[in-house]
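Data block below; observations after.
Please treat every number below as a calculation from the coordinates, not as lab data. Everything numeric in this text was worked out from a predicted model, so none of it was measured.
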Amino acid sequence: MIESNSKIQTRNNNIDINHENFFPKFDLDGITFKTIISGDKTGNDYSIIEILFPEGDIEKEIPLHIQSQEIVIVCVVHGDFEIVYGKQNIRGTEGTVLKLEKDIPRSFKKKNNSYGKLLVTYLPAGFENFFREIASCNIEDLKKNEIEDPILIQLLEKNYGAKVLFE
């Protein structure tokens, strides 16, 4: 039973789904990645993360990369995005849904001043763990590191079959 104050009532206690620790999240270069459903809850069939781009005139971007282990379904929940997928440049606005196949380069850039929100499903699950691993790394002041950091690149490639493409 869900109560109006955003708590889930169980037999023995209430769980506050607005509590910051309910959905694990990690900030990477000003973009927040929040795990909504992890693979351990779905038998590793899928996982869902929310990607939040900050408000402001800075165009934040997830750089061009390839994922070789998952099909990715992206839904633009809020904002205006320039999405590169293979050789296509796609304008993503609220309600845009894309199915991104394995091994095809993609990037996501938030346009304009409003905040941006993407809901991303990974099939099968697994990539959501990348963000947990990054959060637990002992890299000094990790939040100042950018995706070009060699440690991040090695973790992506070795454990998750993803590769950042430098233009």
For segment 51-136, just say rounded, prolate or oblate: build the C-alpha gyration tensor, square-root its eigenvalues into a ≥ b ≥ c, call rounded for a/c under 1.5, and beyond that prolate if a/b exceeds b/c, oblate if not. oblate
Can you run phi through the Karplus equation (6.51, -1.76, 1.60; θ = phi - 60°) for segment 98-107 and list ³J(HN,Hα) in whole Hz, with x for Gly and Pro? 10, 9, 9, 6, 5, 6, 10, x, 8, 8
Too-long pairs where the Cα-Cα distance tops 19 Å, listed order kept, from Lys109/Lys158; Lys87/Lys163; Lys111/Lys163; Lys41/Lys163: Lys109/Lys158; Lys111/Lys163; Lys41/Lys163
